[in-house]
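As structure tokens, the structure follows; a few thoughts come after it.
The values are calculated or read from the model by the stated rules, or taken from the named source; none is laboratory data. Keep in mind the model is a prediction, meaning the values are calculated, not measured. Ideal geometry is used to build each Cβ from the backbone, glycine not excepted, and the neighbour counts take in all protein chains shown.
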Amino acid sequence: MSERFTSDFFAGNREKLRQLFTGTAPIVVTANGLLQRGGDSTYPFEQDASFWYLTGIDDPDIVLVMDKAREYLIVPHREETRVAFDGAVDENHASRVSGVQTIYDEKEGWRQLSGRLKRARHVATLAPAPAYVEAHGLYANPARASLVQKMKDVNGALELLDLNQHLARLRSVKQAPELAAIQEAIDITIATLKDVTKPAKLAKYAYEYELEADIFQGFRKRGAAGHSFEPIVASGARACTLHNVANNGRLSADELVVLDVGAAVDHYAADITRTVSLSSPGKRQQAVFDAVLEVQAFAFELMKPGAHVRENEEKIEHFMGEKLRELGLIKTIGHDEVRHFYPHATSHFLGLNVHDIGDYGRPLEPGMVLTVEPGIYIHDEAIGVRIEDDVLITKHGAKILSGRLPRHP
């Protein structure tokens with residue numbers, strides 16, 4: 001982590017949460033836990049973004065307790081064997097980064113917290129997602145659910161107060177260090193994409209994974225931690241599957257290639273998409289590309305303070321319908337007709353997560369960072385086009401943070 005994120009940043013975030021929450025119940029938030037990959041090996045650790053936002057700590061299983069003016073960390077016990085392989089938690093570093101002065105081991109920390117919970121009616125925490133999130137086909141990290149169960153074991157009558165909306169409100173408006181990290185991630189992504197899409201380089205790639213490999217190398221050598229999400233390098237018909245992350249198809253000069261990638265810097269994400277041709281786009285491909293570009297330009301104009309993302313989406317859907325009709329893909333502009341060729345939203349919040357938390361019911365305000373990513377996907381013609389840029393909402397409208405990257409195919 002760079003020096004732009006100091007303990008003052010994390011302490012300030014905790015104070016803002018106290019002010020927004022206003023209640024007297026203790027606030028208890030957990031880090032993520034490690035997830036099994038196979039046998040005794042784990043997947044690379046990814047910290048709970050809200051826990052990091054409040055502490056800056058990258059270790060698993062630590063618990064943050066904020067009880068009025070008092071705050072402390074509970075560090076879990078590690079077996080000697082694990083310490084030998086993974087190392088011990090550096091408590092001095094955790095305190096220095098977070099600004100939390102008091103750190104307890106697991107036994108003493110839970111003795112302190114249990115005494116408080118037994119006297120409490122409510123506890124504020126981040127409500128866990130369902131164990132299995134069916135809409136996305138994934139299992140949630142069990143750390144939050146485990147924390148809730150442990151607190152309920154102490155006091156079965158405890159009522160939980162969910163802090164997710166409070167954190168969404170805080171995290172959706174970016175502070176100066178966050179904007180600097182996002183811009184650096186964007187700049188690294190731009191420089192890398194400019195490099196790999198030079199005509200002489202594009203002509204040498206035979207498979208999607210070769211492009212993916214050079215993108216990863218470009219991110220790392222320019223100072224990024226790596227990808228902020230699984231990269232998408234999808235050509236031809238494969239580009240019509242929105243999150244096609246296999247990246248193993250053979251490239252063909254007569255197909256368009258969607259590159260949906262983003263570097264990660266200090267936990268913050270970039271998310272940029274360009275659609276490129278390995279030779280010269282055909283007339284039909286160019287027409288689809290131009291339509292997407294027009295929709296994006298229209299969407300940029302809607303991104304301003306006071307606007308609502310959902311209302312913008314309705315306007316963009318209708319404008320996209322006009323473009324699809326001009327392309328001969330639909331005759332009537334209706335929701336189902338448009339979404340057959342444009343099945344995703346135009347914008348999502350961007351920050352600590354590539355699909356960052358934010359309140360889509362609130363109007364846009366300065367400091368928010370979102371994507372603008374229209375696309376058209378024609379399965380029957382093996383054409384998929386998506387163009388995505390990252391924008392900062394300012395008092396004057398939208399500042400395109402990734403605008404230095406050309407959009408032509």
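Please go through (1) assigned to a strand (DSSP E or B); (2) more than 17 Å from residue 142 (Cα to Cα) for residue 92 and return the number of the only condition it doesn't satisfy.
Among (1) assigned to a strand (DSSP E or B); (2) more than 17 Å from residue 142 (Cα to Cα), residue 92 violates only (1).
A quick yes/no check of all residues on (1) without any contact (Cβ under 8 Å) to a residue 60 or more places away in the chain; (2) buried (at least 16 other Cβ atoms within 10 Å of the Cβ); (3) over 22 Å from the mean Cα position of the chain (by Cα):
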residue	(1), (2), (3)
11	no, yes, yes
31	no, yes, no
45	yes, no, no
57	yes, yes, no
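Report, by residue number, each residue of the stretch 103-145 that is of a type in the set (Ser, Thr, Tyr) and loosely packed, with under 13 Cβ neighbours inside 10 Å. Reasoning before the result, please.
The initial filter retains those residues of the stretch 103-145 that are of a type in the set (Ser, Thr, Tyr), namely 104, 114, 125, 132, 139.
Correct list: 132, 139.
Quick check on residue 35: is it touching a residue at least 60 places away in the same chain (Cβ under 8 Å) and in contact with a helix residue (DSSP H, G or I) (Cβ under 9 Å, 6 or more places away or on another chain)?
Values: touching a residue at least 60 places away in the same chain (Cβ under 8 Å): yes; in contact with a helix residue (DSSP H, G or I) (Cβ under 9 Å, 6 or more places away or on another chain): no.
In short, no.
Given the structure, is residue 293 aliphatic (A, V, I, L, M) and in contact with a strand residue (DSSP E or B) (Cβ under 7 Å, 6 or more places away or on another chain)? Spell out how you get there, then give the answer.
Working: aliphatic (A, V, I, L, M): yes; in contact with a strand residue (DSSP E or B) (Cβ under 7 Å, 6 or more places away or on another chain): no.
When the stated conditions are applied, residue 293 does not pass them.
Among the residues of the stretch 290-303, which ones are of a type in the set (A, V, I, L, M, F, W, C) and under 26 Å from the mean Cα position of the chain (by Cα)? Give the derivation first.
Residues of the stretch 290-303 that are of a type in the set (A, V, I, L, M, F, W, C), as a first pass: 291-293, 295, 297-300, 302-303.
Of everything in the stretch 290-303, those that are of a type in the set (A, V, I, L, M, F, W, C) and under 26 Å from the mean Cα position of the chain (by Cα) turn out to be 292, 293, 295, 297, 298, 299, 300, 302, 303.
Hey, among 224, 237, 191, which residue is of a type in the set (Gly, Ala, Ser), in the same structural domain as residue 384 (by TED's automatic domain parsing) and over 30 Å from residue 53 (Cα atoms)? Show your work before the answer.
Details: 224 fails: over 30 Å from residue 53 (Cα atoms); 191 fails: over 30 Å from residue 53 (Cα atoms).
Matching residue, one of 224, 237, 191: 237.
Filter the stretch 348-376 down to the residues that are of a type in the set (Ser, Thr, Tyr) and surrounded by fewer than 23 Cβ atoms within 10 Å (Cβ to Cβ) and list them by number.
We begin by selecting, within the stretch 348-376, every residue of a type in the set (Ser, Thr, Tyr); these are 360, 371.
Passing the criteria: only 360.
Got a number for residues in the stretch 190-239 being in a helix (DSSP H, G or I), of a type in the set (Gly, Ala, Ser) and over 18 Å from residue 409 (Cα atoms)?
First pass over the stretch 190-239, keeping only residues in a helix (DSSP H, G or I): 190-196, 199-202, 208-221, 236-239.
Applying the additional criterion that residues be of a type in the set (Gly, Ala, Ser) yields 191, 200, 213, 218, 236-237, 239.
Adding the requirement that they be over 18 Å from residue 409 (Cα atoms) leaves 213, 218.
The qualifying residues number 2.
Could you identify the single residue in 20, 73 that is surrounded by 21 or more Cβ atoms within 10 Å (Cβ to Cβ), more than 22 Å from the chain's Cα centre (by Cα) and of a type outside the set (Ser, Thr, Tyr)?
Numbers: 20 fails: surrounded by 21 or more Cβ atoms within 10 Å (Cβ to Cβ).
Exactly one of 20, 73 is surrounded by 21 or more Cβ atoms within 10 Å (Cβ to Cβ), more than 22 Å from the chain's Cα centre (by Cα) and of a type outside the set (Ser, Thr, Tyr), namely 73.
Residues checked against (1) among the aliphatic types (A, V, I, L, M); (2) over 14 Å from residue 173 (Cβ atoms); (3) not assigned by TED's automatic domain parsing to the domain that holds residue 299:
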residue	(1), (2), (3)
343	no, yes, no
348	no, yes, no
352	yes, no, no
355	no, yes, no
363	no, no, no
372	yes, yes, no
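Do we have residue 181 as closer than 21 Å to residue 352 by Cβ, assigned to a strand (DSSP E or B) and in contact (Cβ under 8 Å) with a residue 60 or more places away in the chain here? Even if it seems obvious, please write down each step before you answer.
On the way: closer than 21 Å to residue 352 by Cβ: yes; assigned to a strand (DSSP E or B): no; in contact (Cβ under 8 Å) with a residue 60 or more places away in the chain: yes.
Spelling it out, it is not the case that residue 181 is closer than 21 Å to residue 352 by Cβ, assigned to a strand (DSSP E or B) and in contact (Cβ under 8 Å) with a residue 60 or more places away in the chain.
Quickly run through the stretch 357-374 and pick out the residues that are under 18 Å from residue 232 (Cβ atoms) and touching a Leu at 6+ places or on another chain (Cβ under 8 Å). Give the steps one after another, and end with the answer.
At the first step, the residues of the stretch 357-374 found to be under 18 Å from residue 232 (Cβ atoms) are 371-374.
Passing the criteria: only 371.
What strands (runs of 3 or more DSSP E) completely inside the stretch 356-409 contain at least 2 residues that are among the small types (Gly, Ala, Ser)? Walk me through how you get there before you give the answer.
Values: elements: 369-372, 375-378, 383-386, 389-394, 397-400.
Output list reads 397-400.
If you scan the stretch 269-291, which residues turn out to be within 22 Å of residue 326 (Cα to Cα) and not hydrophobic (A, V, I, L, M, F, W, C)? Walk me through it before giving the result.
Restricting attention to the stretch 269-291, the residues satisfying the condition of being within 22 Å of residue 326 (Cα to Cα) are 275, 281-291.
Matches in the stretch 269-291: 275, 281, 282, 283, 284, 285, 286, 290.
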